[in-house]
Every structure is written in C-alpha cells, then in structure tokens.
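Report on one structure; see the data block that follows.
The values are calculated or read from the model by the stated rules, or taken from the named source; none is laboratory data. Just so it is clear, the structure is predicted and the values come from calculations on it, not from any experiment. Every residue, glycine as well, gets a Cβ built from its backbone with ideal geometry; the counts of neighbours run over all protein chains shown. Areas reflect the complete protein model, heavy atoms only, side chains present, ligands, DNA and RNA absent. Shrake-Rupley method; radii C 1.70, N 1.55, O 1.52, S 1.80 Å.
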Amino acid sequence: AGEPNCPKTMNTHLHLFEAFTALYAVCPREDIGSSLRRVLDCFTQNFVNPENFHLRIYFDDAWRDLSTSYSYGHDIECSWLLWESAEVIGDPQLMSLLAPVVLNMANACLDCRGENGEILDGYDLNENKRIEARPWWAQAEALVGFLNAYAMTGSARYFRAFENVWAFIDKYQKDKDSGEWRWFSLLDREKSPYKMGFWKAPYHNGRAMLEVCKRLRQIEGMGS
C-alpha cells in the first residue's frame, strides 16, 4: 500500500541475485555466473546511491529514480548479500570492487539505529523524516550485515553493533513465552506486536540465525 507501481524495483533484483548466488554456488556454469554479474552491475551502477550508500528502490524503464523512501533493513541486507555473491564468484577484482561498497553500506546503517542500537525502518523522502518503526526482519538482517562487516574488517564497532541488535531482539522482539519474533517490537507501541501476517514468515529471522551461526564459527576459526 502506498508504494509506486514501477517497472524496475530494487527488491526484485535483490532476491534475483540472491537466487543466482545460491544456484551458482552449486552449479558454477558460465551462463549463471554472467547472469549473476549482470544483476550485481545493476546494484553498483543504479540501485546503490554513491552519495550516501542507501538503496534507491524504484525506477522507470529508463532507470530514472522514482524512489519515495530509503529502507534501512534492505540496505544492510543488501550489504551482506553482495559480499556473499562476491565470495561465491571468487573473482579478486570483483571482491576489490564490492568490498568498499559493502562496508560503506554497513557504515551508513550504523547511523540508522535507534537509541537501543536497533535498526529503524527507513526514511521518508517526501516528508524528510525517519520512519521510526522497528520491524522484525530489519533486525534480523542487521544481525547478519554487521557481523559480516566485522568478519571482513575485524573492527570492533561492527561487532558491538551486532551485539546491540541482538540484545534489542532478545528484549523487545522475541516472544520468550510463546515463541517466534513479533512483527513490531514492544517499543512500537502504536503498532500491534503480532507474530503472523500476509508478509510474515520465518524467512528473515530463520535465515539470520543460520547465517549468524555460520559466521561465528568462521570468526572463531580465524582466531584459533
């Protein structure tokens, strides 16, 4: 509701290169790799705003930006998915190109947190104000995104950001009595903290737990 009907959207391309990455990891054919690279080019050339490293979300057929907002959860999600693609392709030149983009996107999201370290929903470009809601999926992606930046750099500020997001989830997002994560946190008092909905499934938080476990094992192995 309220979203423009545009022929080119960031979210479609985000999940397209996520799928191509998973496919290429198990079937590294040249045509799949070239398709993955073409979608990655869309992000470096069009979707990632080089002025602030937030994602432009909507475009027309001529790649004119029609975005009405930024989505901080998508920003941090895209950062780690980009790096995952670069690692799967394994091209040092591509990794050199994407590394600063990935880290600049993570850095931009460090400034998009609430007072408890949680990731906020986004920014309304029409009203020039932050969207203060704290949806479950943005917290899940922030866990992986900040931990990924820590694994890339060893910088403690990213690990602290990861820890703060987890502390927020544990205190305000998880339903410790009945299970699952609330859609909105307990701090979003104007919104219902329900746990099911048309757009809510265990995709984001389930994937985040798997990715966090994998990365923590990798980090532990690097330090041993």
Worksheet item: What number of residues within the range 91-128 are open to solvent by less than 10 Å² (accessible area, probe 1.4 Å) and under 12 Å from Ala138 (Cβ atoms)?
Response: 6
Response to the item:
Going through the range 197-209 in order, the residues found to be in contact (Cβ under 8 Å) with a residue 12 or more places away in the chain, over 20 Å from Gly145 (Cβ atoms) and of a type in the set (A, V, I, L, M, F, W, C) are none
Practice prompt. Just give me the residues in the range 116-132 being modelled with pLDDT of 95 or more, in a loop (DSSP other than H, G, I, E, B) and not polar (S, T, N, Q), in sequence order.
Written response: Gly117, Glu118, Leu120, Asp121, Leu125, Glu127
Discussion item. Would you confirm, using the coordinates I've provided, whether Tyr24 is touching a strand residue (DSSP E or B) at 6+ places or on another chain (Cβ under 8 Å) and either surrounded by fewer than 20 Cβ atoms within 10 Å (Cβ to Cβ) or closer than 28 Å to Gly154 by Cβ (or both)?
Written reply: no
Worksheet item: Quick one: would you say Leu120 is under 23 Å from Ala22 (Cα atoms) and either of a type outside the set (Lys, Arg) or out of contact with any Asp or Glu (no Cβ under 8 Å at 6 or more places or on another chain) (or both)?
Response: no
Worksheet item: In the range 3-103, which helices (runs of 4 or more DSSP H) lie fully inside it and hold 3 or more residues that are closer than 29 Å to Asp124 by Cα and among the aromatic types (Phe, Trp, Tyr)?
Response: 72-89
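Here's the yes/no breakdown for (1) farther than 18 Å from Asn11 by Cα; (2) without any contact (Cβ under 8 Å) to a residue 24 or more places away in the chain; (3) touching a strand residue (DSSP E or B) at 6+ places or on another chain (Cβ under 7 Å):
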{"site": "Ser96", "(1), (2), (3)": "yes, yes, no"}
{"site": "Asn104", "(1), (2), (3)": "yes, no, no"}
{"site": "Ile119", "(1), (2), (3)": "yes, no, yes"}
{"site": "Asn126", "(1), (2), (3)": "yes, no, no"}
Item to complete: Using the structure shown, decide if Val88 is at pLDDT 95 or above, open to solvent by less than 20 Å² (accessible area, probe 1.4 Å) and of a type in the set (Val, Ile, Thr).
Response: no
Discussion item. Whether any residue in the range 172-180 is more than 16 Å from the chain's Cα centre (by Cα), part of a helix (DSSP H, G or I) and surrounded by fewer than 22 Cβ atoms within 10 Å (Cβ to Cβ) is what I want to check.
Written reply: yes
Discussion item. For the range 133-151: of the residues being within 14 Å of Ser71 (Cβ to Cβ) and open to solvent by 10 Å² or more (accessible area, probe 1.4 Å), which is nearest to the chain's Cα centre (by Cα)?
Written reply: Trp137
Worksheet item: Does at least one position in the range 148-157 carry a residue that is free of Cβ contacts under 8 Å to residues at least 40 places away in the same chain and not polar (S, T, N, Q)?
Response: yes
